[in-house]
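Novice: What follows is a structure written as structure tokens; I'll ask about it next.
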Amino acid sequence: MRDFQQPGRSTVFSTNGMCATSHPLAAKVSIQMLEAGGNAVDAAIAGAILLGLCEPQMTGIGGDCFVLLDKPGEADVIALNGSGRAPKGLSAANMRDNKLTNVPIDSVEAVTLPGAIDAFCRLSRDHGKLGMKALLAPSIYYAEVGVPVSPRTSFDWALAANTPKGVAVDYYLLGGKAPKPGQLFRSPQQAEVLRRIAEFGRAGFYEGEVAEDMVASLQAAGGTHTLEDFAETFCEYTTPITGFYKGTELVEHPPNGQGATAILMNNILGHFDLASVAPLGSTRAHIEAEATKLAYDARNRFLADLDFTTCTEHMLAPETARKLAALIDPKKAMANPHKLSEQVHKDTVYITVVDKDLMSVSLIYSIFHSFGSGIASNKFGVLFQNRGCGFTLDEGHPNEAAGGKRPMHTIIPGILRQDGDVVMPFGVMGGAYQPAGHSRFLTNIVDFDMHPQAAIDAPRSFFDAGELRVERGYSDMVRQELSDLGHTVVTPDGPIGGAQAIFIDRANGVLHGASDPRKDGCALGY
């Protein structure tokens with residue numbers, strides 16, 4: 001139990017249904033869908049679409065999504081990949097000829113086809129009850145009348161206020177500036193797009209006037225995108241991948257998502273007795289940082305569109321984790337994981353909903369970097385993601401940029417199972433942090449017996465881009481010890497990621513909702 005004299009957040013309990021997400025309005029709308037007779041799929045879609053208005057710097061209809069769905073009576077978790085492909089005209093060779101060594105994050109070359117709307121329409125048709133017209137009605141309303149900008153959203157908006165360019169400045173800034181907390185953000189042009197989707201389904205977005213606006217805007221910026229590219233966008237059901245950590249099973253998406261990275265990281269950490277060290281001490285943070293380096297190096301080598309990589313089994317193999325774990329020195333930070341691991345490798349919004357029938361949805365939905373590419377369509381203001389910068393320009397790499405191909409993706413929804421039963425849909429936001437965040441969340445629960453809310457609240461550290469980023473919740477002594485081990489320790493400007501989870505207490509018939517205080521959202525049940 002938490003100390004009620006200290007700042008914190010209590011777990012939310014309910015019996016009929018629960019939603020946990022990063023904005024209160026989205027949670028409210030999700031619960032309203034359940035109260036209206038919808039199921040967890042309906043609630044998750046309605047809430048997710050609204051998040052694109054509540055947190056437009058994070059997500060929107062120009063982005064992608066991944067979904068894990070557990071339906072009572074189904075043999076396995078259902079995985080739906082709603083990530084879009086590159087336009088057919090994209091060429092890594094052309095970019096290399098132009099002296100590029102990577103895909104620029106603010107370029108039209110980084111704009112892949114938006115896959116989320118196709119996935120939402122498919123998910124609603126195959127597994128929902130209420131239909132897209134009902135699910136989009138709240139977002140249409142809020143797009144017209146406006147959403148009050150919340151504190152964390154305002155903070156993030158200001159950090160990326162220079163990203164929108166062209167017409168995106170008019171659509172996503174207020175008087176050329178990021179909105180302050182409490183100011184209203186309206187998007188009437190997006191309301192019109194949602195009305196067309198409500199009336200015509202996916203064709204209201206991928207065909208007709210909306211698609212023509214998107215294609216014309218992208219081509220005017222130098223893109224190769226065509227109406228055919230948009231019309232041919234499609235989501236795919238895939239087979240989940242899984243891994244065990246001390247008896248708890250982690251369910252993830254296969255590539256092109258980076259879920260295999262989280263499983264590999266857990267497999268590496270399984271070779272260390274984390275439960276015997278202090279949960280907020282330097283030993284755990286150091287070992288996690290080293291495991292992150294090695295697991296992310298494997299990700300960068302191998303992960304790609306599933307049609308272009310054959311290395312998933314290698315990443316998930318126990319022998320791979322054993323050999324990588326042996327490279328970790330408990331007393332010293334490694335300088336070059338890529339070189340060390342050669343001997344082994346031969347060859348950010350989230351929403352979760354559980355309904356009264358225990359149908360569980362874990363859904364993550366993003367435009368990648370804050371405000372994505374910064375490019376918006378002229379008439380309807382659809383803000384385009386920049387997922388294409390997840391490609392590499394290395395010739396022959398499985399993730400080499402190419403037309404019709406999906407880039408390696410950072411967004412990963414998660415589900416935990418015990419003895420074959422789903423016990424917790426969860427997700428961690430924060431771009432590259434997500435696999436490390438999945439691992440940290442799981443080890444907090446398994447090794448340190450934390451309740452999901454405590455596991456989310458706990459301070460975080462993350463090795464990224466040569467730095468060990470350590471939140472202020474860690475002591476100065478731990479920071480010094482990590483520095484003495486050879487880490488470049490920094491305090492990040494903002495919090496590391498965000499998380500949401502719902503624990504299913506099957507014995508008592510109660511749902512436990514947990515929501516990250518680093519975000520503006522909440523868990524809400526009824």
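The values are calculated or read from the model by the stated rules, or taken from the named source; none is laboratory data. The structure displayed is predicted, hence computed values, not measured ones. Cβ sites come from the backbone with ideal geometry, for glycine too, and all protein chains shown count toward neighbours.
Novice: Might you let me know whether the range 150-172 holds any residue that is closer than 23 Å to SER30 by Cα, in a loop (DSSP other than H, G, I, E, B), among the β-branched types (Val, Ile, Thr) and in contact with a helix residue (DSSP H, G or I) (Cβ under 8 Å, 6 or more places away or on another chain)?
Specialist: no
Novice: Related question: Kindly provide the set of residues from the range 105-145 that are hydroxyl-bearing (Ser, Thr, Tyr) and closer than 18 Å to LEU363 by Cα, ordered by number.
Specialist: Once the filter is applied, which keeps residues that are hydroxyl-bearing (Ser, Thr, Tyr) and closer than 18 Å to LEU363 by Cα, the range 105-145 yields SER124, SER139.
Novice: Determine which single condition THR21 fails, assuming it passes every other condition in (1) in contact with a Phe, Trp or Tyr (Cβ under 8 Å, 6 or more places away or on another chain); (2) modelled with pLDDT under 95.
Specialist: THR21 satisfies all of (1) in contact with a Phe, Trp or Tyr (Cβ under 8 Å, 6 or more places away or on another chain); (2) modelled with pLDDT under 95 except (2).
Novice: Another one. Take the conditions part of a loop (DSSP other than H, G, I, E, B) and under 18 Å from LEU250 (Cβ atoms) and apply them to PHE448. Does it pass?
Specialist: For PHE448, the condition - part of a loop (DSSP other than H, G, I, E, B) and under 18 Å from LEU250 (Cβ atoms) - is met.
Novice: Still on this structure, I have one more. Which one of GLY494, GLY513 is part of a loop (DSSP other than H, G, I, E, B) and within 29 Å of GLY414 (Cα to Cα)?
Specialist: Of the residues listed, the single one that is part of a loop (DSSP other than H, G, I, E, B) and within 29 Å of GLY414 (Cα to Cα) is GLY494.
Novice: Within the range 359-373, track down each residue that is under 16 Å from LEU51 (Cα atoms), of a type in the set (Ser, Thr, Tyr) and not in a loop (DSSP other than H, G, I, E, B).
Specialist: Matches in the range 359-373: SER362, TYR365, SER366.
Novice: Now for a different question. Looking at MET424, is it within 26 Å of LYS246 (Cβ to Cβ) and modelled with pLDDT of 95 or more?
Specialist: In short, yes.
Novice: Can I ask one more? With surrounded by 22 or more Cβ atoms within 10 Å (Cβ to Cβ) and β-branched (Val, Ile, Thr) as the only criterion, which of VAL149, VAL169, VAL145 stands out?
Specialist: Going through VAL149, VAL169, VAL145 in turn, the sole match is VAL149.
Novice: Select from the range 198-236 the residues that are within 24 Å of the chain's Cα centre (by Cα), assigned to a helix (DSSP H, G or I) and farther than 14 Å from LYS379 by Cβ and list them in ascending order.
Specialist: Within the range 198-236, TYR206, PHE230 meet the criteria.
Novice: Further, regarding this structure: Is one or more of the residues making up the range 84-104 at pLDDT 95 or above, under 15 Å from the mean Cα position of the chain (by Cα) and over 21 Å from ASP520 (Cβ atoms)?
Specialist: Yes: the range 84-104 contains one or more residues that are at pLDDT 95 or above, under 15 Å from the mean Cα position of the chain (by Cα) and over 21 Å from ASP520 (Cβ atoms).
Novice: Could you tell me which residue of the range 55-110 is nearest to CYS235 (Cα to Cα), considering only residues that are among the polar types (S, T, N, Q) and in a loop (DSSP other than H, G, I, E, B)?
Specialist: SER83
Novice: Further question: Quick one: in the range 131-149, of everything that is part of a loop (DSSP other than H, G, I, E, B) and within 25 Å of CYS522 (Cβ to Cβ), which residue is farthest from the chain's Cα centre (by Cα)?
Specialist: Filtering the range 131-149 for residues that are part of a loop (DSSP other than H, G, I, E, B) and within 25 Å of CYS522 (Cβ to Cβ), the one farthest from the chain's Cα centre (by Cα) comes out as GLY146.
Novice: Is it true that ARG472 is assigned to a loop (DSSP other than H, G, I, E, B), over 16 Å from THR292 (Cβ atoms) and of a type in the set (Lys, Arg)?
Specialist: yes
Novice: Can you spot a residue in the range 420-427 that is assigned to a loop (DSSP other than H, G, I, E, B) and acidic (Asp, Glu)?
Specialist: Within the range 420-427, none of the residues are assigned to a loop (DSSP other than H, G, I, E, B) and acidic (Asp, Glu).
Novice: On the basis of being in contact with a His (Cβ under 8 Å, 6 or more places away or on another chain), outside any loop (DSSP other than H, G, I, E, B), closer than 17 Å to ILE351 by Cβ and modelled with pLDDT of 95 or more, does ALA119 make the cut?
Specialist: No.
Novice: Please state which one of LYS331, LYS356 is at pLDDT 95 or above, in contact with a helix residue (DSSP H, G or I) (Cβ under 9 Å, 6 or more places away or on another chain), more than 30 Å from TYR237 (Cα to Cα) and surrounded by fewer than 24 Cβ atoms within 10 Å (Cβ to Cβ).
Specialist: Criteria check complete, one pass: LYS331.
Novice: Kindly provide the set of residues from the range 436-490 that are at pLDDT below 95 and under 18 Å from the mean Cα position of the chain (by Cα), ordered by number.
Specialist: ASP464
Novice: Here's something else I'd like to know. Working carefully through the options ALA454, ALA436, ALA499, find the one that is within 18 Å of ALA262 (Cβ to Cβ), among the small types (Gly, Ala, Ser) and part of a helix (DSSP H, G or I).
Specialist: ALA436
Novice: If you take the residues of the range 173-197 that are touching a Gly at 6+ places or on another chain (Cβ under 8 Å), among the aliphatic types (A, V, I, L, M) and part of a helix (DSSP H, G or I), which of them is surrounded by the most Cβ atoms within 10 Å (Cβ to Cβ)?
Specialist: VAL193
Novice: For the range 13-22, which residues satisfy the criterion of being in contact with a helix residue (DSSP H, G or I) (Cβ under 9 Å, 6 or more places away or on another chain) and more than 14 Å from ALA501 (Cα to Cα)?
Specialist: ASN16
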